[in-house]
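Step one of this worksheet: look at the structure below.
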Amino acid sequence: MNKEKIKLLIIGSGPAGYTAAIYAARAGLNPVLYQGDQPGGQLTITTEVENYPGYVNGVEGPQMMIDFKNQAKRFGTDVRTGYVTSVDLSKKPFKVEVDKKKHLEAEAIIISTGASAKWLGIPSEERLNGKGVSACAVCDGFFYKGQDVAIVGGGDTAAEEALFLSRICTKIYMLVRSNKLRASKIMQKRILEKENIEILWNTETDEILGKDEVEAVRIKNNKTNEKSELSIKGFFVAIGHSPNTSIFKDQLDMDEAGYLKVISGTSKTNIKGVYACGDVQDKVYRQAVTAAGSGCMAALDAERFLA
Ligand code: NDP
């Protein structure tokens, strides 16, 4: 069997993975990075990124990830296409299977597999994605400055994003499918106090309307089945994220939602030599710049371990 031996494996190609790769490559660790099934990660489905320091005039998300990749390659990162299908972390070196056929042995692993936003799953949401439909208000809210928008969800993410939007947009309709918010009490209070946030209870999204960009949303009250339309320019989905951690189940410590647990202030998981960075271990901040920062931490932790 073809079993390649490598020093450091990085799984995932978002800002966390590529930053880890830049640091690890410069430290002479010859990292191998597998890009996964969405090379570049969540930023490749964003339009313009204006809040990443250093890009004075903003940058398109996909271009930013090409820049990250090229920087990682410049120092010798071996960037590969492929999806890690299983890992065995029970003993060192760690055993890794890629695309169900290739086998590797790695002395250390950095996990930066990210999280995926959950979507409603209606056709208009996919058709208008990036054209008014977004899963990140902090990333895209600014484009709807002074306009009316809607946000779906009633958890802490939706509450936080609705508050963010309330400072930029004119009116925010919060579409909540039940008659209560799941968000923490303090967030609920803040939402209810905001004059430009209107919560529509028992409300589901029937269809997002618009040809080339979002123009309105047709909503349905699930108690009365009554349908109506709201004129909006931006439609935000904030119904949760799923961390991409299924291959680590029963091997690494996770919280109840499946996010990897790290020792606070480090990137260390419960297994020595295995580090986690980016959204796979962060359900609170979830920004490109925080992911990149944690990628740097993971590379430094791995470097110390391998030394
Ligand atoms: P949650 O799972 O807490 O909330 C999801 C929300 O989306 C719920 O209101 C849920 O409704 C709704 N929802 C789910 N599916 C659908 C659907 N198909 N259609 C319409 N609505 C839907 O996810 P969050 O991302 O908000 O939070 C995840 C975790 O992260 C939580 O533990 C949260 O506390 C934490 N968090 C903490 C933050 C902080 O501390 N600053 C910031 C953000 C998140 P229903 O209630 O009916 O199921």
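The values are calculated or read from the model by the stated rules, or taken from the named source; none is laboratory data. Quick caveat, the model's predicted, so the values are computed rather than measured. Glycine gets a Cβ as well: all are built from the backbone with ideal geometry, and neighbour counts include every protein chain shown. For the accessible areas, the whole protein counts, side chains as well, though only heavy atoms, and no ligand, DNA or RNA atoms are used. Shrake-Rupley method; radii C 1.70, N 1.55, O 1.52, S 1.80 Å.
Observations
- On inspection, ILE151 qualifies as surrounded by 17 or more Cβ atoms within 10 Å (Cβ to Cβ), within 13 Å of the ligand (Cβ to nearest atom), outside the structural domain of LYS283 (by TED's automatic domain parsing) and among the hydrophobic types (A, V, I, L, M, F, W, C).
- Residue match in region 140-163 (condition: in a strand (DSSP E or B) and basic (Lys, Arg)): no
- Among residues that are in the same structural domain as ALA108 (by TED's automatic domain parsing), touching a residue at least 40 places away in the same chain (Cβ under 8 Å) and under 21 Å from the mean Cα position of the chain (by Cα), SER294 is included.
- For ILE168: the one exception among (1) farther than 18 Å from GLY210 by Cα; (2) away from the ligand (no atom under 11 Å from the Cβ); (3) open to solvent by less than 10 Å² (accessible area, probe 1.4 Å): (3)
- Scanning region 242-264 for residues that are more than 16 Å from the ligand (Cβ to nearest atom), aliphatic (A, V, I, L, M) and surrounded by fewer than 17 Cβ atoms within 10 Å (Cβ to Cβ) yields a total of 1.
- Qualifying residue in region 284-299 (condition: in a loop (DSSP other than H, G, I, E, B) and either at pLDDT 95 or above or open to solvent by 60 Å² or more (accessible area, probe 1.4 Å) (or both)): yes
- Of the residues making up region 118-134, those that are outside any strand (DSSP E or B) and open to solvent by less than 20 Å² (accessible area, probe 1.4 Å) are SER124, GLU125, LEU128, GLY132.
- Against the test of being of a type in the set (Val, Ile, Thr), within 16 Å of the ligand (Cβ to nearest atom), under 20 Å from PRO123 (Cα atoms) and not in a strand (DSSP E or B), the options ILE219, ILE186, ILE239 yield a single qualifying residue, ILE239.
- Test: THR44 is at pLDDT below 95 and β-branched (Val, Ile, Thr): yes
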